[in-house]
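To keep things clear, I will list the structure first and then write my remarks on it.
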Amino acid sequence: MLEIKNLHARIAADGTEIIRGLNLTVKAGEVAAVMGPNGSGKSTLSYILSGREDYEVTEGDILYNGESILELDPSERAAKGIFLAFQYPVEIPGVATMQFLKVALNEQRKYRGEDELTTPDFIRRVKEAAARLQIDPDMLKRPLNVGFSGGEKKRAEILQMALLEPKLCVLDETDSGLDIDALRIVADGVNALRSPDRAVIVITHYQRLLEYIVPDSVHVLYRGQIIKSGDKSLALDLEANGYADIIDAAA
């Protein structure tokens, strides 16, 4: 589903290279965890996949279902089924959460040539998904993310993901700032979306999230490159021993 080939990318404003020859393949149905120390390029990778304009790809390619997405803007990538859950979801005052969800969902349906949802159908879908994620219905009456706790913001993003049903889900440190109860709820929401035709990339520092979202593969990112890949046991090894030995071996 996703194939990243020899990717090089830099910050557009100052030319600082962050991604330095990254290669990664994620198959349909796979949950791939990307781990690495601070500054290794994990969040940058998520931003580049989503099409954020702050970064410039200077070499290599990103293929999604065999098609290069480098020339697609963020809305086109989203319409094709690429979803990014942010580490720090932003507050958007003045934009009602329910209206945001309805517009986003119907834009996706329009792109696929499907009819827009009627208001009753939309409300039913939201209520069902919100109940599964233990989201207080009153929260959905507020402006998007405004006044939400960290856990509520993450649940709101997983709610978006549940409604949009993307094919490639990129979770950028979704566990950041979550207590154990919120972590379990978010993980349950992600696990409910696992399917043979959907891929998930979980970007995280810690093994604890991977106790709830068990990955099929684990990849260590360091200084803009994947330096080691393995199965879920690799995450356990990193938790026990840190990154030093793997970094030294790759040097």
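Taken over the range 133-145, residues that are loosely packed, with under 15 Cβ neighbours inside 10 Å and either closer than 14 Å to residue 100 by Cβ or in contact (Cβ under 8 Å) with a residue 60 or more places away in the chain (or both) amount to 1.
Conditions (1) assigned to a strand (DSSP E or B); (2) farther than 18 Å from residue 129 by Cα, marked per residue:
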{"position": "177", "(1), (2)": "no, yes"}
{"position": "185", "(1), (2)": "no, no"}
{"position": "194", "(1), (2)": "no, no"}
{"position": "200", "(1), (2)": "yes, yes"}
{"position": "214", "(1), (2)": "no, yes"}
{"position": "220", "(1), (2)": "yes, yes"}
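Take the conditions within 17 Å of the chain's Cα centre (by Cα), among the small types (Gly, Ala, Ser) and more than 22 Å from residue 26 (Cβ to Cβ) and apply them to residue 187. Does it pass? Taking the combined requirement at face value, the residue does not satisfy it.
Just one of the listed residues (182, 162) is modelled with pLDDT of 85 or more and among the small types (Gly, Ala, Ser), namely 162.
Looking across the range 22-42, the residues that are crowded, with 18+ Cβ neighbours inside 10 Å, farther than 9 Å from residue 221 by Cβ and among the small types (Gly, Ala, Ser) come down to 32, 33.
Yes/no matrix, rows are residues, columns are (1) at pLDDT 90 or above; (2) in a helix (DSSP H, G or I):
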position	(1), (2)
58	yes, no
62	yes, no
77	yes, yes
84	yes, no
90	no, no
94	yes, no
103	yes, yes
106	yes, yes
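When every residue of the range 196-215 is checked against the conditions, at least one turns out to be out of contact with any Pro (no Cβ under 8 Å at 6 or more places or on another chain) and without any contact (Cβ under 8 Å) to a residue 12 or more places away in the chain. Contact annotation: residue pairs with Cβ atoms under 8 Å, 6 or more positions apart or on different chains, pairing a residue in the range 21-34 that is assigned to a loop (DSSP other than H, G, I, E, B) with a partner that is crowded, with 20+ Cβ neighbours inside 10 Å and not small (Gly, Ala, Ser), are 30/200. Is it the case that some residue within the range 156-168 is without any contact (Cβ under 8 Å) to a residue 60 or more places away in the chain, surrounded by 15 or more Cβ atoms within 10 Å (Cβ to Cβ), under 22 Å from residue 183 (Cβ atoms) and within 17 Å of the chain's Cα centre (by Cα)? Looking for residues that are without any contact (Cβ under 8 Å) to a residue 60 or more places away in the chain, surrounded by 15 or more Cβ atoms within 10 Å (Cβ to Cβ), under 22 Å from residue 183 (Cβ atoms) and within 17 Å of the chain's Cα centre (by Cα), one finds at least one in the range 156-168, hence yes. Being at pLDDT below 90, of a type in the set (A, V, I, L, M) and loosely packed, with under 15 Cβ neighbours inside 10 Å is a property that does not hold for residue 187. When the range 195-224 is filtered for residues that are among the hydroxyl-bearing types (Ser, Thr, Tyr), in contact with a strand residue (DSSP E or B) (Cβ under 7 Å, 6 or more places away or on another chain) and more than 18 Å from residue 185 (Cα to Cα), only 217 remains.
The values are calculated or read from the model by the stated rules, or taken from the named source; none is laboratory data. Just so we're clear, the structure is a prediction, and the values are computed from it rather than from any experiment. A quick note on method: Cβ atoms are made from the backbone with ideal geometry, for glycine too, and the neighbour counts reach across all protein chains shown.
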